[in-house]
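The values are calculated or read from the model by the stated rules, or taken from the named source; none is laboratory data. On a predicted model such as this, the values are computed, not experimentally measured, just so you know. Here Cβ is always computed from backbone atoms with ideal geometry, including for glycine, and neighbour counts include all displayed protein chains.
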Amino acid sequence: MAKQKRKDAGVTEKKSKKLKTSAREMPPAPAAPAATDEVQGAVSPEEQRVLDRKLKKERKKEARRLLREAGIPAAWSPPARPSGAELALDYLCGWAQKREDWRFQKTRQTWLLVHMYDRDQVSEEHFPTLLAYLEGLQGRARELTVQKAEALMRELDQAGAGAEASLLGKTQRARQVLQLLS
């Protein structure tokens, strides 16, 4: 039995060597199967597909190598995605301009609620629109927004006269939010 196993292993080695040599001899990417009857008999359709995939991979690798040698960057970089700020402000403008096409997006609303006191994130131009949006705020989001605005106002009271300019700007916005929602 040991001899038979060796024979079987030898046969598979010969077949794999035959497949490797036939893969090298194949023409690059034939448009239609132009194999002769001898080659078709030696290679099954499944093996042929495997060989075609390997050849395709090798051709791509060779093309990348040639591009690299020529000094042309071959790396594909995905297009830049808009930031969270841009998406949220687009969401807000969409709400203001075309309400019939507008759809609620919790992540955009959350971003707006977290960053609404920051003048760098939500500009003075967009803040009045945000206040109009906040009028329709409902449920837990409304309660939390009021609580955060009150906490910000308490923080200003504790800071006293020596408060920073950025904190003063935030409290001005918080005061407007409180007037609107309370």
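Scan segment 65-79 and tell me whether some residue there is under 17 Å from A174 (Cβ atoms) and among the β-branched types (V, I, T).
no
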Residues satisfying the stated conditions in segment 76-109, i.e. among the hydroxyl-bearing types (S, T, Y) and under 14 Å from Q121 (Cβ atoms)
S83, Y91
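Give the residues of segment 40-63 that are exposed (fewer than 13 other Cβ atoms within 10 Å of the Cβ) and among the charged types (D, E, K, R), sorted by residue number.
Once the filter is applied, which keeps residues that are exposed (fewer than 13 other Cβ atoms within 10 Å of the Cβ) and among the charged types (D, E, K, R), segment 40-63 yields E46, R49, R53, K56, K57, R59, K60, K61, E62.
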Suppose the filter is assigned to a helix (DSSP H, G or I) and under 27 Å from S83 (Cβ atoms); does L137 pass it?
no
Residue check, G139 against (1) under 18 Å from Q179 (Cα atoms); (2) in contact (Cβ under 8 Å) with a residue 12 or more places away in the chain, all met but one. Which one?
(2)
Counting just the residues of segment 138-182 that are acidic (D, E) and closer than 20 Å to R119 by Cα, which one comes out modelled with the highest pLDDT?
E150
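What about V146, is it in contact with a Ser or Thr (Cβ under 7 Å, 6 or more places away or on another chain) and touching a residue at least 60 places away in the same chain (Cβ under 8 Å)?
Values: in contact with a Ser or Thr (Cβ under 7 Å, 6 or more places away or on another chain): yes; touching a residue at least 60 places away in the same chain (Cβ under 8 Å): no.
Here the answer is no, as V146 does not meet what is asked.
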